[in-house]
1. How would the stretch A:1-126 be classified by its alpha-carbon gyration tensor: rounded, prolate or oblate, with rounded meaning a/c under 1.5 and the a/b versus b/c comparison settling the rest?
2. Quick one: if you take sqrt(5λ) for each eigenvalue of the C-alpha gyration tensor of the stretch A:79-168, what semi-axes come out, biggest first, whole angstrom?
3. Please check which bits of the stretch A:87-107 a label hung off A:M133 would reach, taking the label as a point 7 Å along Cα-to-C-beta and the cut-off as backbone N under 12 Å.
4. Among the trypsin sites (Lys or Arg not before Pro) in the stretch A:52-117, which ones are in a DSSP loop with at most 16 other Cβ atoms within 10 Å of the Cβ? Mind listing them?
5. To one decimal place, what Kirkwood hydrodynamic radius in Å is obtained for the stretch B:178-271 from all pairs of distinct Cα atoms?
6. Sticking with the crude label model, points 7 Å out along Cα→Cβ, report the distance from B:R105 to A:A104 in nm, one decimal please.
7. I'd like the distance separating the alpha-carbon centroids of the stretch A:1-56 and the stretch A:69-128, in whole Å.
8. Among all the lysines, which ones have a C-alpha under 24 Å from A:K43's C-alpha, if same-chain residues fewer than 8 places away are not counted?
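Every read-out reported here was derived from the displayed coordinates using simple, explicitly stated rules and does not represent laboratory data. The shown structure was predicted, so the numbers you read here are calculated from the model rather than taken from an experiment. Positions of Cβ are backbone-derived with ideal geometry, glycine not excepted, and every protein chain shown enters the neighbour counts.
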Amino acid sequence: MIQKKICMVGVFGAGKTCLVQQYVHSLFSTKYHSTVGVKIDRKTVALDGTDLTLLLWDLAGRDDAADISVSYLRGGHGIIYVVDGTRRETFDQIFELQTIVTNAIGVVPSVLALNKVDLTESWALKPADDAAMAKEPWQVIRTSAKTGEGVEASFAWLAKATVTGAAQ
Amino acid sequence: MTGLDIFGLTDVGRVRAGNEDHFVIASMRKSVTISQSSLSPAEAERWQGGGAEAFLMAVADGVGGRPGGELASGAVVTGLLGYVGRAAGCYQQFSLEEEHLFLERLEQTVRDTHEELLRVHGESEKAPATTLTLAVLVGRRAYLIHVGDTRAYYLRGTRLRQITRDQTIGEYMMDLGAWTEAQASKASAAKSLASAIGGSELTPSVGLIDLEPGDTLLLCSDGLNKHVDDAAIAAVLGKAIPAEAQARELVALALAGGGTDNVTAIVARVG
């Protein structure tokens with residue numbers, strides 16, 4: 001069976017754990033629990049008739065992007081960068097995180113998940129941000145761990161990309 | 001790892017007639033014991049003994065409130081011995097590049113024990129069941145597998161963090177959004193286990209954490225944390241005393257606080 005390690009990366013409270021919970025268990029919790037270290041979940045998906053197991057490494061978020069533990073990234077086949085679309089600072093920090101990740105493990109298939117898209121009233125990203133996002137080698141997908149919007153699509157795209165080697 | 005000071009103990013407490021907690025601390029070494037060889041002594045010495053060492057530590061708490069508690073206790077002991085043996089086997093094949101396989105085998109060991117308990121005793125409220133918090137320290141990386149409401153904490157500096165999340169009905173209902181924290185605190189079923197080895201549900205939680213020199217890891221049964229709060233735990237783990245003294249002090253605090261349950265603690269300080 002093919003296995004691929006996917007790392008969930010983002011600053012504190014962006015929704016990394018909620019996205020994994022929604023994807024693996026179809027669960028959304030309103031109670032916030034910060035992750036300590038790394039929590040690992042697994043999900044097996046069928047891809048072109050072959051079983052592919054995704055090892056989902058949910059890395060603890062930090063207040064400062066520079067605090068990410070790069071040792072956890074080793075062997076990562078794909079990255080999901082998670083931004084809380086209602087907190088502008090989580091978007092600003094994602095580019096620094098991307099640099100740290102790329103320096104650690106090189107360019108691997110990546111998704112930029114713009115999370116909490118259900119909270120349209122509080123959305124803090126501007127149309128002008130699209131240009132900055134478009135420059136980077138990642139697939140941008142709007143997600144909501146609460147409603148499930150974009151969650152399956154994010155992991156499905158990344159699963160396929162890790163096999164085909166597509167960067168974007 | 002430059003050094004690990006580790007100690008564990010268990011106490012029946014002040015109320016229970018028997019102790020259904022169990023713990024184990026074991027070291028695993030990638031080593032070869034040569035009985036005889038025509039190799040030169042120097043060459044033989046190169047292979048003999050030594051090797052990277054890992055430490056396995058685990059706390060299990062036989063599920064209370066079920067008839068056959070003694071049976072559960074015995075099953076836990078058997079299960080733990082199985083963990084040690086099988087985990088040691090896993091470690092022989094350990095490499096950082098394939099650490100996910102190591103974790104999978106550890107988790108499978110837990111699932112195998114669960115299946116064995118179900119096979120022998122069936123699935124009922126009378127069947128023996130247990131919680132488990134297991135950590136394997138390889139270098140400074142701690143691999144954790146957790147079931148139920150035994151806990152793992154670590155202290156870094158003065159900050160204590162709970163690594164595991166209790167797998168209880170209360171937590172599960174709050175996850176579903178069905179209960180608020182206030183409702184969970186009042187519900188009699190909130191502390192019932194949502195996951196147990198040998199129980200009707202088993203959902204092992206798997207994770208890891210990289211420890212730093214000076215960090216202290218604590219595994220404990222709920223007999224400790226129901227009487228000793230986080231601040232008191234942090235104060236004890238923060239003392240510059242050996243792990244044995246810290247473990248004894250934590251258990252003494254739980255007993256002084258009422259000792260209403262069996263209490264077990266393993267303290268491991270990374271050098």
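1. On the way: a/c = 1.67, a/b = 1.25, b/c = 1.34.
The shape class here is oblate.
2. 21, 16, 10
3. Under cut-off, by backbone N: A:91-92.
4. Working: sites: A:R62, A:R74, A:R87, A:R88, A:K116; in loops: A:R62, A:R74, A:R87, A:K116.
Sparse-neighbourhood loop trypsin sites (Lys or Arg not before Pro): A:R62, A:R74.
5. Every distinct Cα pair counted, the radius reaches 15.4 Å.
6. Going from the B:R105 label point to the A:A104 one covers 2.6 nm.
7. Their Cα centres are 15 Å away from one another.
8. The qualifying lysines are A:K4, A:K5, A:K16, A:K31, A:K116, A:K146, A:K160.
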